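Here's the structure, in structure tokens; my notes come after.
The values are calculated or read from the model by the stated rules, or taken from the named source; none is laboratory data. Owing to the predicted nature of the structure, the values given are computational and were not obtained by experimental measurement. As a convention, Cβ positions derive from the backbone with ideal geometry for all residues, glycine included, and neighbour counts pool all protein chains shown. Side chains are part of the model used for accessible areas, which takes the heavy atoms of the whole protein and leaves out ligands, DNA and RNA. Shrake-Rupley method; radii C 1.70, N 1.55, O 1.52, S 1.80 Å.
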Amino acid sequence: MLWILSLDIPDGRVCYLTDTSHIHGSERLNPGLQNTINAFDVVWRGTRSEAGGPSLQNQRLFAFADTSVPNGVKCDILGNVYAGCGDGIHAWNKYGTLFGKILLGLVDGNFDTGCAKFCFVPGGKLVCFAEDRIYLVEGLVVEGATIAWERWVER
């Protein structure tokens with residue numbers, strides 16, 4: 001398994017990890033391997049003075065990517081989860097139900113360009129990084145979630 005950690009956990013209680021073992025460095029897909037997003041509960045052990053910290057527990061399948069592998073997982077302020085996939089950005093609600101896709105490459109004919117990484121920017125926008133292009137998606141009705149670091153540091 002190859003895990004990619006998402007630090008975009010809107011309320012600090014759930015962490016999302018992608019299993020990208022479906023694709024390897026050769027860029028060949030192996031349909032027998034995973035291309036999923038898993039959710040974990042974040043549980044704090046002890047306090048900072050006791051050298052405590054977060055641990056990930058209760059692993060469960062959150063979502064399955066139907067196009068390539070999920071990468072660059074982010075959350076919005078409503079708890080929806082987004083991942084870069086083989087044809088753009090896929091969006092799931094907090095229960096793991098796919099509710100939308102932002103297909104990249106439709107305007108410039110660069111179909112199946114995928115999205116390796118992306119980020120939310122203020123004003124309902126996404127900046128999406130494809131293999132050889134950068135796309136700006138505008139008109140979203142949500143903003144990206146941020147981590148309240150003071151909550152994490154003060155434990």
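At pLDDT 85 or above and touching a Phe, Trp or Tyr at 6+ places or on another chain (Cβ under 9 Å), is that true of residue 115? If you could, list the steps in order and put the result at the bottom.
Details: at pLDDT 85 or above: no; touching a Phe, Trp or Tyr at 6+ places or on another chain (Cβ under 9 Å): yes.
Against the criterion (at pLDDT 85 or above and touching a Phe, Trp or Tyr at 6+ places or on another chain (Cβ under 9 Å)), residue 115 does not qualify.
From the list 123, 96, 88, which residue is at pLDDT 85 or above, of a type outside the set (D, E, K, R), open to solvent by 30 Å² or more (accessible area, probe 1.4 Å) and at positive phi?
On the way: 96 fails: open to solvent by 30 Å² or more (accessible area, probe 1.4 Å); 88 fails: open to solvent by 30 Å² or more (accessible area, probe 1.4 Å).
Sole residue among the options that is at pLDDT 85 or above, of a type outside the set (D, E, K, R), open to solvent by 30 Å² or more (accessible area, probe 1.4 Å) and at positive phi: 123.
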Please verify whether residue 3 is open to solvent by 80 Å² or more (accessible area, probe 1.4 Å), modelled with pLDDT under 80 and closer than 27 Å to residue 146 by Cβ, treating the condition exactly as stated. yes
Within the stretch 69-83, residues being surrounded by fewer than 21 Cβ atoms within 10 Å (Cβ to Cβ) and assigned to a loop (DSSP other than H, G, I, E, B) number 4
Where a residue in the stretch 119-141 is part of a strand (DSSP E or B) and its partner, wherever it lies, is open to solvent by 100 Å² or more (accessible area, probe 1.4 Å) and of a type in the set (Asp, Glu), with Cβ under 6 Å and at least six apart: 125/138
